[in-house]
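Down below is the structure, laid out as C-alpha cells.
Quick note: the coordinates plus some simple rules give every number you see, no bench work behind them. Predicted model only: the values in this text are computed from it and were never measured. Heads up, the Cβs are rebuilt from the backbone with ideal geometry, glycines too, and the neighbour counts pull from every protein chain shown.
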Amino acid sequence: MCTDCGCGDVNLVPLELQTRILAHNDGTAAHNRAHFRERGIFTVNLMGSPGSGKTAVLEATARAFDGGAKLAAIAGDLATENDAMRLVRAGIRSRAIKTGQACHLDAEMVHHELHLLDLKGVEYLFIENVGNLVCPAVYDLGQDVNVVALSVTEGEDKPLKYPTMFAKADVVLLTKTDLLPHLNVDVQIIYHALARVMPNPVVIPLAARQPGGVDGWIAWLTQRRSAPEQLAS
Amino acid sequence: MHEYSIVQSLVDSVAAAVGSREASVHEVHVAIGEMSGVDCGLLTTAYDVFRAGTLCEHASLTIERIPARWHCPRCDATIARGAFLRCIECNEPAQLASGDEIVLQRIELEVA
C-alpha cells in the first residue's frame, strides 16, 4: 500500500522476465536429447491425426528393416495399450503411455518411460505421439526429427488448416497412397498446401501395406541417421 | 486442449519469478505467437479456470498476440501471407522471424 499520502493505492512493481513458459519442458527435452545422443539413438517424434497410419508405418518399418536395425518405440494414446502391443508384435521393443485426458506427450512423460524401456543396442526410437494435429507440435520431447503422417484420405487442405504442425515437420509421410485410385484426391493440391506451410517441404509417399511401400521412408531415415548435417542443409 | 498444461507451466513460472518476495501478483503479461500452437481464447479460458487457489488467483492475464512473419534469411524480404514459403528473389527456404513465442514477458507485483 502507498505509505506516502495514505491514499490506499497499492504499489505496483513490474518485473521483466521474458522467459519461455515451457522452459521446464525444454530443459527435460534437452536432457532426453543428450541421453539419446550419448547412446547413439536416433529419435523420431511421429505425429499425425488419429487414423493417419502412424502405427501401420512403424509396423511396416519393422518389416522393412527385417531385424537389420534395433528399433524401440513409445506409443502415446489417451487410453489402451493397443498400439504398443501392435508394435511389440511387429518386433519393436515398445511401451505405452496412457495419457488419460492429455492430448499430447511431453518431455517428462517420455523421460519417465526411458527408465522403463530397455534401450540397450537400440538404433532408432520412435515416439508415436497422441493422434492430434495441434497439441503435440508445441512440446519438444528431445527428438532428432519431427515426422508427420498425413493420409490421402484426410483432405487436400489439411496442412493449411493445421499450419503449426506441418511447419515443424522435417518430413511428411503421405500415407495410404495405395487408396488413391479409389479417391477423388489431387496429390498436387496436397503438395502445394504443404509448400505454403513448410519452408522446405520433404514429402515421402507411402503405402504401408504394399511390398516396398515404405522404401523411400527407410532410405530417408537411414540417411538422416548417418549424415544429419548434409540432409539438414 | 493443451492450454491447461500451458497455464500450469505459466503459474509455475510466475511462482519461480516471485520466489520468496512478500508480494501478490497483480497482472501477468504473456506473448503468444500465431504459429506457437497456442490458442489465445482457450488460454484465457484455461487461465480463468486454473488460477483459482494459485498465486495468480487475483492476477489478470494480458496476452500480446504476435503475428507470424516469415522472411528470407538471405535478403530479409517478408514472405506474403499464404504464399509458398520460399523467397522469390533468392529461392531460399523462408525462416520464421517471429510468431512462435510462448513467453512470460513480465509480471506486476503488489508490494506492501
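What average count of beta carbons from other chains do you get within 10 Å of the Cβ of residues in A:16-29?
Details: counts 5, 12, 6, 8, 6, 20, 9, 7, 5, 3, 0, 0, 0, 0.
Counting Cβ atoms of other protein chains within 10 Å of each residue's Cβ and averaging gives 6.
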Query raised in the report: Per residue Cα convex hull volume for the protein assembly as shown, in cubic angstrom?
Result: 160
Query raised in the report: Over the Cα atoms of the stretch A:165-233, what Rg and Dmax result, in angstrom?
Result: 13.2, 39
Requested in this report: Provide the descending list of Cα extents for chain B along its principal axes, expressed in whole angstroms.
Outcome: 57, 27, 16
Query - GNM top mover of A:G91, A:G216, A:G68 - chain A, alpha-carbon springs below 10 Å - result: A:G68
Query - Fewest-first ranking of A:K70, A:K98, using other Cβ atoms within 10 Å as the exposure measure - result: A:K98, A:K70
**Report entry** Unit Cα scatterers, Debye sum, the stretch A:25-226: log10 I(q)/I(0) for q = 0.09, 0.14, 0.19 Å⁻¹
**Finding:** -0.30, -0.76, -1.46
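Expressed as a rounded percentage, what relative contact order does the stretch A:53-97 have, with Cα pairs under 8 Å and six or more residues apart?
On the way: 49 pairs, mean separation 19.3, N = 45.
Reported as a whole number, the value is 43 percent.
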Query - Candidates A:E108, A:E123, A:E38: whichever shows maximal mean-square fluctuation once chain A is modelled as a Gaussian network with Cα springs under 10 Å - result: A:E38
Requested in this report: Taking just the C-alpha trace of the stretch A:1-108, give me its Rg and Dmax in Å.
Outcome: 22.9, 81
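What's the exposure ranking of A:T55, A:T177, B:T54, going from fewest to most Cβ atoms within 10 Å? Intermediate values should be presented prior to the final figure.
Details: A:T55 24, A:T177 20, B:T54 17.
Sorted ascending by nearby Cβ count, the order is B:T54, A:T177, A:T55.
Let's test the formula: R0 of 35 Å, r as the Cβ-Cβ distance of B:C90 and B:E64. What FRET efficiency results, to the nearest 0.05? Working shown, then result.
Numbers: r = 31 Å, r/R0 = 0.89.
It comes out at approximately 0.65.
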Query - Residue-averaged beta-carbon neighbours from other chains (10 angstrom radius) around B:81-94 - result: 3
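Mind checking A:131-140 for the average number of partner chain beta-carbons within 10 Å of each residue's beta-carbon? If you can, show how the numbers build up before the last one.
On the way: counts 0, 1, 1, 5, 7, 2, 4, 9, 3, 0.
Counting Cβ atoms of other protein chains within 10 Å of each residue's Cβ and averaging gives 3.
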Query raised in the report: Mean separation of Cα pairs under 8 Å and 6+ residues apart, divided by the residue count of chain A: what relative contact order is that in percent?
Result: 22
Query raised in the report: Which value in deg cm²/dmol, rounded to the nearest 500, describes the helix-derived mean residue ellipticity at 222 nm for the protein assembly as shown, given -39,500 (n - 2.57) per DSSP H run of n ≥ 4 and division by the residue count?
Result: -9000 deg cm²/dmol
Query raised in the report: How about A:K70: which lysines have a C-alpha closer than 17 Å to its C-alpha, ignoring those fewer than 8 places off in the same chain?
Result: A:K120
Query raised in the report: When the Cα centres of the stretch B:33-55 and the stretch B:3-17 are compared, how far apart do they sit, in Å?
Result: 10
Query - Local net charge near B:G41, Cβ-Cβ under 15 Å (Lys/Arg +1, Asp/Glu -1) - result: -4
